[in-house]
Each structure stands twice: as C-alpha cells, then as structure tokens.
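The following block contains the structure, expressed as structure tokens.
Values quoted throughout were computed directly from the atomic coordinates according to the rules given, and no laboratory measurement underlies them. Predicted model only: the values in this text are computed from it and were never measured. Methodologically, a virtual Cβ is constructed for each residue, glycine included, from the backbone with ideal geometry; neighbour enumeration extends over all protein chains shown.
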Amino acid sequence: MSEEPTRTLIAGNWKMHGLRAQLDEIDAMACSVRERPGNLDVLVCVPATLIARAVQAADGLIAIGGEDCSAEEAGSFTGDIDAEMLRDAGATSVIVGHSERRRWHHETDAIVAAKAKAAWQQDLATIICLGETGAQRRDGNALKVCGEQLAASLPTIKAGARISIAYEPLWAIGSGEIPTRDDIVAVLGHLRAALDTRFGSAARSIRMLYGGSVKPGNAREILDTPHVDGMLIGGSSLLAVEFNAILDIARERSPAVNCPLAQDKLS
Ligand code: PEP
C-alpha cells in the first residue's frame, strides 16, 4: 500500500437514478474538471447500466465507479454483477456497504468485507460505507457502532489497495440534517485511531470521507473539518450545477499544483 499523502476525493453516488439523458450531467462535470482541474480526485458512481457510457462522457476527466459489486466471481448469481464486470465496463472504483445495501439487501459486515476483497482482486478502488442510526446516536453508541462496523467490514488491507472509508450517519442521508463538526471529528478521529492501531503506517493512505446531505451550502464547513479527506454525495451529485459548485469549493481547499490528470489511477 502506498503512503502518498491523501488527495481530496469528491465522490458522487447516483443510486437508482440515471438514464442515458442524464449523461449530459457527467459531460458538464467533466467540462468543469477540464476547465479547473484542481488537486482533486473526482469520482461519480452510477448504476451499472450507465457505466460504459458514463466513462465515454467523462472523457478521462472524472473517474466512473459502480455502486456495489458481488462478493462472488462469475457464476450462477442471476442479477448480480461482479467486480470484473465493473472493471470490464470501465469502472475504476466501487462503493461497498452503503447503508441502503445493508438495509434493503441485508448485507452484513462480513458480506461487505468479502465485497471489498473481491473489488481489490480486480484493482478497483473501494469506498467502504458505515454509520450509525439515529437511535444509536441518541443512545450514545455512535462511536462504538462505527468502530465495530469498521473492524468487521474492512478486511486486512491488501498491498496497493486504494481504500476510502465513508462515514455516513444513516439519519443524515437524504434528510437535510448533518452532524455537528464536533460529532464528525469524534467519529472520524475514532476511526482513524483504530486504523492506525490495526495497520500502522499502511493506514495513512486510507481516505476518510463524510457523506450525508452534503450540499454546496455546507460543503466548505465539512471539508474544513479535521480528519475529512473528501465527501460522498448522493442527491447533490445528480445535477452538474450542484456537484460542480461543490467541486469549486473543494478546489479552493486543494488548488491545482501542476498535477497531471490521472483519473484512471483513481480513487
Ligand atoms: C448517500 O446516499 O451516499 C448520500 C450521501 O446521500 P445524500 O447526499 O443524498 O444524503
């Protein structure tokens, strides 16, 4: 695993949204990166049906990822999509363990860990999601729950694997509510300490993202929060006008330093 200093990652998650007509949004996002590159990694995770076309629209300027992958390799798993298929379609990243997969598809931490391993086998960068429910936070268990999810959802890291951990409190996703700065610092600091204890210096290149109701209006405050290396964005990644506004804010934090665009190496 490399120990390069982390670059900010701004990642979108389209969920079950997106038809061919929406690829104009990817095109407009790519234009923004072409005009104002910044020292950022930009990724949009789209439904599998759109990956190949989104890669074309992104024109090498933003990385395209999948939203989930099977823990299995090719076989009799009707309707599932494996990591090799994502890679074959042009994806360079994948989200695993999103709370909507955990909730609606009953994915356990062990399944999430197996999916991360399958993704690494195909050299896909992975965003591993975790976060507490509103009830768990009210009961004072947010740190415990997130720490346990991290321990069980993140396998022993593979040399060269590109990993981000996305802290996405379930009560913040799509709700318009976000945790306080202190609460984000507490959770991400707890997770960072756990990674350091478990993996030592090899954990340094693991990025810590915040996700949940990120908008242009709160992106600056979130990006300025200690331990935040980037953001995972749902609703505000669907429209280029909003996503590009967030990219502009992130560029102010990480201005261009004469870096070549190498989005194929993402993210
Ligand atoms: C998400 O689902 O990953 C997410 C962060 O959604 P939203 O930004 O819409 O809250």
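Projecting each Cα onto the charge dipole of region 8-266 (Lys/Arg +1, Asp/Glu -1 at the beta carbon, about the Cα centre), which of Gly212, Gly200, Ala110 comes out farthest on the positive side?
Gly200
Right, another one. Return the calculated 222 nm mean residue ellipticity for the chain, to the nearest 500 deg cm²/dmol, obtained by summing -39500 (n - 2.57) across DSSP H runs with n ≥ 4 and dividing by the residue count.
Here the helix-only value at 222 nm equals -11500 deg cm²/dmol.
Assign unit charges at the C-beta atoms only (+1 for Lys and Arg, -1 for Asp and Glu), then state the dipole size of region 63-178 relative to its Cα centre in Debye, rounded to the nearest 20.
380 debye
With charges set only on the Cβ (+1 for Lys and Arg, -1 for Asp and Glu), what does the dipole of the chain come to about its Cα centre, in debye to the nearest 20?
About 360 debye.
Continuing with the same structure: For Thr197, Thr92, Thr108, what's the fewest-to-most ordering of other Cβ within 10 Å of each Cβ?
Listed from fewest to most nearby Cβ atoms, that is Thr197, Thr108, Thr92.
With a 10 Å Cβ neighbour count serving as the proxy for reagent exposure, in which order, fewest first, do Phe77, Phe243, Phe199 appear?
Phe77, Phe199, Phe243
Taking Cα pairs under 8 Å and at least six residues apart, what relative contact order does the chain come out at, in percent?
The value is 26 percent.
Another question, then. From zero outward in steps of 10 Å, how is the percent of C-alpha pairs of region 1-128 spread across the bins?
13, 43, 33, 10, 0
On the first, second and third principal axes, largest extent first, how far apart are the outermost C-alpha atoms of region 8-266 in Å?
46, 44, 35
What does the charge add up to near Leu170, with Lys and Arg as +1, Asp and Glu as -1, over the other residues with Cβ less than 13 Å from its Cβ?
Counting the neighbours of Leu170, the net charge comes to +1.
Mind checking the alpha-carbon convex hull of region 108-187 and giving the volume per residue in Å³?
103 Å³
How do Met85, Met16, Met231 rank when sorted from fewest to most other Cβ atoms within 10 Å of their own Cβ?
Met16, Met85, Met231
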